[in-house]
Amino acid sequence: MARDQTRIEQEERPDDAEDQGPSPQYVVDIGGAEASGRSLVLLVGTRRCYSCIQADDEQTSAVSKVRPNIKRIATHCAQTSDYLLQDTPLKEAIFRVLLGGGNRPMTAEDISQVLSEKWAMTAYPRDVSSRVIQRLLDSSGAYCITAVP
């Protein structure tokens, strides 16, 4: 009888209410990208705004570094109107939110809040709950997103 009551209580409790300790924080793993053979310079560099990309010449884009691009995205590009469009795929949006935050560690809740604010009045309503964001963060290897140890 007690076992049945425990099972019923667990079934009634939502997934978000499970006790799993503190939420993990995520960043774009610069070192891990190089080790896995991903070109993070290209991955990050192409997320800059149109004016920053147009300002590049052949020499500067060839020697571009990841960290200065992340800094430029955080201080300038993320504030442009076309940086995080409402029809952006969710994994791409998560990546852009992390870059826009200067690649500081963020939880799924933090990212969910940013997307909810940016897309409050969208013509493309989507589930940007922390549960969905968490699931996507855990499967974002192509974007070199990893949990902070």
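Every number here is computed from the coordinates shown, using simple stated rules; none is lab data. This one's a predicted model, so the numbers in the text were calculated from it and none came from an experiment. Because the Cβ atoms are built from the backbone with ideal geometry, glycine has one as well, and the counts that use them run over all protein chains shown.
Couple of notes before you dig in:
- Annotation for Lys65 and Glu109: the two label points, set 7 Å from Cα along the Cα-Cβ direction, are 3.5 nm apart.
- Distances between placed amide hydrogens fall under 5 Å for Tyr26 paired with Met106, Thr107, Val148, all partners being 5 or more residues away or on another chain.
- With bins 10 Å wide beginning at 0, the percent of Cα pairs of the range 24-147 falling in each bin runs 13, 46, 33, 8, 0.
- 5 angstrom amide H check on Gly102, placed H, neighbours 5+ away: Ala74
- Within the range 63-122, the trypsin sites (Lys or Arg not before Pro) that combine a DSSP coil assignment with at most 16 other C-beta atoms in a 10 angstrom radius are Lys65.
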